[in-house]
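First the structure, in the form of structure tokens, and then the observations on it.
The values are calculated or read from the model by the stated rules, or taken from the named source; none is laboratory data. Not measured: the values here are computed from a predicted model. All Cβ positions, even for glycine, are placed from backbone atoms using ideal geometry, and neighbour counts span all protein chains on display. Note: areas computed on protein heavy atoms with side chains; ligands, DNA, RNA excluded. Shrake-Rupley method; radii C 1.70, N 1.55, O 1.52, S 1.80 Å.
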Amino acid sequence: AWYVPCLASLETLQELCRKENLTCKSIGITNRSLKSYEVEYLCDYKVEEGKAYYLVKWKGWPESSNTWEPRKHLNCPLLLQNFLRDKNEYLSRVREGKALKVRNHVKALKPAIADYIVKKAKQRIALQRWKEELNRKKNHKAMILVENTVDLEGPPLDFYYINEYKPAPGINVLNGITTGCECADCPAEKCCPKEAGFILAYNKRKKLKIQPGLPIYECNSYCRCGPDCPNRIVQKGTPYSLCIFRTNNGRGWGVKTLQTIKTNSFVMEYVGEVITSEEAERRGQFYDNQGNTYLFDLDYDSDEFTVDAARYGNVSHFVNHSCDPNLQVFNVFIDNLDLRLPRIALFSTRTIKAGEELTFDYQMKGSIDLTSDSAEGLSPSKKRIRTVCKCGAVCCRGYLN
């Protein structure tokens, strides 16, 4: 299904809800806000006759209902703190980061400052709603946070969160597997990997033990083993809380971990629309002109299909490239044994500290020996227009492609 963003402004929607006496939690209209006033954010500041006033945007009410309120009427310490921080942030940027001396005797804010404060407040609300939406849609226990302390960019307007592949018409990402292993103790018996001619991918600590280029065969929905089976890792989803954040060096959004990740641990899947290579070639020309890289070839065995995470994807959509990455790609087979349609899993190549950005090599170089057969089938679609790399690694190649 294709989605069309709503073109009506938040203010228009709030006015319509109030007029029809309707509630809509996603835009701040609840039974409570229909009958009461709650501060949503502060818009402006002035001093009259020695008394401080703030221009208040009321939650669930359109901006035309904003009112000036004295400080004593406001019981919202966090919003006051955000207001002052946003004001100081704007002034600091104007003064090129010089030490800022806050003056308490200012009687009115300049329009540009008030405008920035309102935009920042709206951004904060939009990012909070986006975070809530992402956490509603995810199918794993770990949390997803969103953070932007760099600019006024809000949530992407044309991105939809999914947890698994979204196949294009005519593509079947499940091949109707109807059998599974009969193991009582998967590591010790002839489990799914051995049936496929490979070794078990994980050790007893559920860490990856195979080399890049080798496939991972996990137990499937028909296997006798239960959910605690050590050969069920990728299918359980991201185990770490992650934060989508705005980078400060022009790389757009990025992803950082909020927890320490040990070496050879599963971090996330790369998901998106599964399309034919012919369709990927057509879309790739458009993406090239935008400087985007979201196409990932599923060429483990052939080059028939590609994953496009531009509009549909999960957290991996926001993971940036690095020429010295801390994540590595592996092909995974669970409920689909079609070698043309592996699932793509990202594993850590080293210990990743909490707060560190997650990256993978869009060319899948680094820990893979490109002179060996193991490197075949692990590279995203090659782009026709060279994109400058901003990863900052010592070994940076200068371009993403």
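Examine the stretch 175-193 for a residue that is in the same structural domain as T349 (by the TED database) and under 30 Å from the mean Cα position of the chain (by Cα), and state whether such a residue exists. Even if it seems obvious, please write down each step before you answer.
Taking the stretch 175-193 first, the residues in the same structural domain as T349 (by the TED database) are 175-193.
When the remaining residues are screened for being under 30 Å from the mean Cα position of the chain (by Cα), the result is 175.
Checked against the condition, which is being in the same structural domain as T349 (by the TED database) and under 30 Å from the mean Cα position of the chain (by Cα), the stretch 175-193 yields at least one hit.
Based on this model, can you work out whether D301 counts as out of contact with any Pro (no Cβ under 6 Å at 6 or more places or on another chain), assigned by the TED database to the domain that holds P239 and open to solvent by 10 Å² or more (accessible area, probe 1.4 Å)?
yes
May I ask you to list the residues in the stretch 340-353 that are open to solvent by 60 Å² or more (accessible area, probe 1.4 Å) and in a loop (DSSP other than H, G, I, E, B)?
Residues of the stretch 340-353 open to solvent by 60 Å² or more (accessible area, probe 1.4 Å): 340, 343, 350-351, 353.
Result: R340, R350, T351, K353.
Working only within the stretch 294-311, note down all residues that are assigned to a loop (DSSP other than H, G, I, E, B) and either within 20 Å of L337 (Cβ to Cβ) or more than 23 Å from the chain's Cα centre (by Cα) (or both). Even if it seems obvious, please write down each step before you answer.
Taking the stretch 294-311 as the starting set, the residues that turn out to be assigned to a loop (DSSP other than H, G, I, E, B) are 294, 299-304, 309-311.
Of everything in the stretch 294-311, those that are assigned to a loop (DSSP other than H, G, I, E, B) and either within 20 Å of L337 (Cβ to Cβ) or more than 23 Å from the chain's Cα centre (by Cα) (or both) turn out to be D299, Y300, D301, S302, D303, E304.
Out of D115, D151, D158, which single residue is out of contact with any helix residue (DSSP H, G or I) (no Cβ under 7 Å at 6 or more places or on another chain) and part of a helix (DSSP H, G or I)?
Values: D151 fails: part of a helix (DSSP H, G or I); D158 fails: part of a helix (DSSP H, G or I).
None of the others qualify; the one that does is D115.
Could you grab me the full set of residues in the stretch 205-247 that are under 21 Å from V315 (Cα atoms) and in a loop (DSSP other than H, G, I, E, B)?
Across the stretch 205-247, the qualifying residues are R232, I233, G237, T238, P239, Y240, S241, T247.
Can you pull out every residue in the stretch 274-293 that is in a strand (DSSP E or B) and open to solvent by 10 Å² or more (accessible area, probe 1.4 Å)?
Quick first cut of the stretch 274-293, residues in a strand (DSSP E or B) only: 274-276.
Selection gives T276 alone.
Just one of N148, N220 is outside the structural domain of C24 (by the TED database) and either at pLDDT below 90 or more than 27 Å from D299 (Cα to Cα) (or both); which is it? Write out each step before concluding.
On the way: N220 fails: either at pLDDT below 90 or more than 27 Å from D299 (Cα to Cα) (or both).
Within the list N148, N220, the selection yields N148.
Would you please name the residue that is modelled with the lowest pLDDT, looking only at residues in the stretch 64-82 that are touching a Lys or Arg at 6+ places or on another chain (Cβ under 9 Å) and open to solvent by less than 70 Å² (accessible area, probe 1.4 Å)?
My answer is S65.
Determine the pairs where a residue that is surrounded by fewer than 17 Cβ atoms within 10 Å (Cβ to Cβ), located within the stretch 232-250, has a partner that is charged (D, E, K, R) with Cβ atoms under 7 Å apart, the partner being 6 or more residues away or on another chain.
N249/K390; G250/K390
Regarding N148, is this residue more than 30 Å from D86 (Cα to Cα), in contact (Cβ under 8 Å) with a residue 24 or more places away in the chain and within 16 Å of the chain's Cα centre (by Cα)?
Numbers: more than 30 Å from D86 (Cα to Cα): no; in contact (Cβ under 8 Å) with a residue 24 or more places away in the chain: yes; within 16 Å of the chain's Cα centre (by Cα): yes.
No; evaluated as a whole, the condition is false for this residue.
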